[in-house]
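Here the structure is laid out as structure tokens; the discussion comes afterwards.
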Amino acid sequence: METEKIFISADRRAKIIAWIVIVIFFLIYYTVMAMLAPAKKMETLRREYGYKQDVNNPTDDRIFTDSTYLDLLHKKSFLQSRVTMAATDSIYLSISLPDSTLKLEISGVTVHRAQIRRINISTLFSGSDNYIILSMLSSPLTISRNFSSIKKEPLMIRMAPKDTSEYVPDIIPDTADYEPVNYIMEMDNGIRLHIYQEDKLKPGDGLYRSLFDIYHRMRYAAKIFLRVITFRVPEYQPYIKLRIPRSDAKIIYRALPEKGQIALYF
Amino acid sequence: MKIPDDGFLKREVFRKGFNRLLILIAAISLLAFLLYCVPALQEVPFTGKIIITNSDELKKDVLYKKQITLIKRDIQRLSWRYNSYTSGQSYMVINTTDNLFYLYRNKKLIRQGHCSTGSFKMLKTEEGRSWIFKTPKGKFWIHGKTENPPWRRPDWSFVEEGLPIPPQDHYSRWEYGVLGDYALSLGDGYLIHGTIYKRFLGMPVTHGCVRLNDDDLEVIFNTLNIGSKVFIF
């Protein structure tokens, strides 16, 4: 009886150890694959936006480490992107990280300005391949998907009365309605723009923001997981996380079209 | 059969509880690793940070000077082009989220205040007709200006009140005095006009038009011309 117990216990322990080893190996594999993703993304960008030497007009490579040239390139890229967007009738967003400002613009006219309170961006933007990033940003970023805690258009459906006896005049809308404002806009080139409300106006605002963030971290992790288990390097999505006042966040989200465009200066 | 003593049962309960706690800790650690550590590891600078050399030798190079001149010229050209979009004439900006308006002349803000914009209500009939009452967003311009405008009631105005829809030329379609003293047309039936429901200014209550109080409306009517731009966001 005692021997059987010892045997079961040893068998169980071996199984547990085997599982632990499998999980550790998977985690190492998962981490390595996930860490390969940024390099793969950079390689893709390099192929698309990398500098191509002109045989007739060669450029000294040292120019890409010259602050004057890079500053001018930043300005040019941002302006180029805004000029493209201003040519349309649509509402677009200009983000200037050095000034900590977000501007909603229509045809070159600033219609709303917001102050950024906190900035957190991917290291991709401060990497050594600044030229590639700036070339990419010289065209506007187009939103491909929105994930938000508020509705873009808060439609309320009302059935028409059958006759005058059923008619009820409109009551004053409830402007005290409160929802925390947090959203993520995924761009066509994989960049994610997170805009979270900075102010904690009601108890639970901080918790809502954390839950929203955790939910989208899980979505990102699930994407990585699905690629990794099929032996493919996952897609890396650089991020820009901004915290702004709630009212500005709401205005910007409601104003931008579903497939709106964004210019970035960093 | 041997009955286990009390101490043995306590140890078993403790062991099971401890195992569950270990599993819970392991699951939370695993989740934290996947959600926070892996994305953080992805942000480890993989190509190194940019190193600014600002080589003096390069600055003296003719090709470098040429590149800088070219890029400066591009920036100047782009700035000029971008500024050409900005209207020097009078224009109006309407914020539909907060129901506010701003009036500009020579790029300077000359008046601001409350307005009312679309309610985002969708009116549906049992026959399947529907209307969405929202103010369109984007760039518009003033198509026409009217003093003492009459209101020609559209179909939804009758449907909303449960009334039968009269023929297009019926006298009951016309109402006077409800749009205030002035109206500025934005096209497609959308107007900037006055209101008799002044207590609703600053709220989203309209059927898509922009309502203003009498004083603001008068200033706007006198400032904006046909062709003036209206930016709605």
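Going by the conditions given, is A:Ile143 at the interface with chain B (Cβ under 7 Å from one of its Cβ atoms), at pLDDT 95 or above and surrounded by 15 or more Cβ atoms within 10 Å (Cβ to Cβ)? No: the conditions fail for A:Ile143. All conditions in (1) of a type in the set (Gly, Ala, Ser); (2) more than 10 Å from every other protein chain (Cβ to nearest Cβ); (3) more than 30 Å from A:Ala114 (Cβ to Cβ) hold for A:Ser94, with the sole exception of (3). Could you please let me know if B:Val178 is touching a strand residue (DSSP E or B) at 6+ places or on another chain (Cβ under 9 Å), among the hydrophobic types (A, V, I, L, M, F, W, C), part of a loop (DSSP other than H, G, I, E, B) and away from chain A (no Cβ under 14 Å)? Judged against the criteria, B:Val178 is a match. Within segment B:73-95, residues that are at the interface with another protein chain (Cβ under 9 Å from one of its Cβ atoms) reach partners that are part of a helix (DSSP H, G or I) and of a type in the set (Gly, Ala, Ser) with beta carbons closer than 8 Å, at six or more positions or on different chains, in the pairs B:Tyr82/A:Ala86; B:Tyr85/A:Ala86.
Looking only at segment A:13-52, residues that are surrounded by 10 or more Cβ atoms within 10 Å (Cβ to Cβ) and either polar (S, T, N, Q) or not in a helix (DSSP H, G or I) (or both) come to 4 in all.
The lone criterion from (1) within 30 Å of A:Arg46 (Cα to Cα); (2) free of Cβ contacts under 8 Å to residues at least 60 places away in the same chain; (3) of a type in the set (Phe, Trp, Tyr); (4) in contact with a helix residue (DSSP H, G or I) (Cβ under 7 Å, 6 or more places away or on another chain) left unmet by A:Phe231 is number (4).
Annotation note: of B:Glu126, B:Glu147, the sole residue that is modelled with pLDDT under 95 and of a type in the set (Asp, Glu) is B:Glu126. Being surrounded by 14 or more Cβ atoms within 10 Å (Cβ to Cβ), under 21 Å from A:Lys241 (Cα atoms) and at the interface with chain B (Cβ under 9 Å from one of its Cβ atoms): is that true of A:Leu104 here? Answer is yes for this residue. Against the numbered list (1) at pLDDT 95 or above; (2) more than 29 Å from the chain's Cα centre (by Cα), B:Trp131 comes up short only at (2). Counting the residues of segment A:229-243 that are more than 10 Å from every other protein chain (Cβ to nearest Cβ) and out of contact with any Asp or Glu (no Cβ under 6 Å at 6 or more places or on another chain) gives 9.
Tallying residues that are crowded, with 17+ Cβ neighbours inside 10 Å and more than 30 Å from A:Ser107 (Cβ to Cβ) within segment B:135-156 yields 3.
Could you tell me which residue of segment A:30-52 is farthest from A:Asn189 (Cα to Cα), considering only residues that are among the small types (Gly, Ala, Ser) and within 10 Å of chain B (Cβ to nearest Cβ)? Only one residue fits best here, namely A:Ala34.
The values are calculated or read from the model by the stated rules, or taken from the named source; none is laboratory data. Everything quoted here is computed from the prediction, not taken from an experiment. Cβ sites come from the backbone with ideal geometry, for glycine too, and all protein chains shown count toward neighbours.
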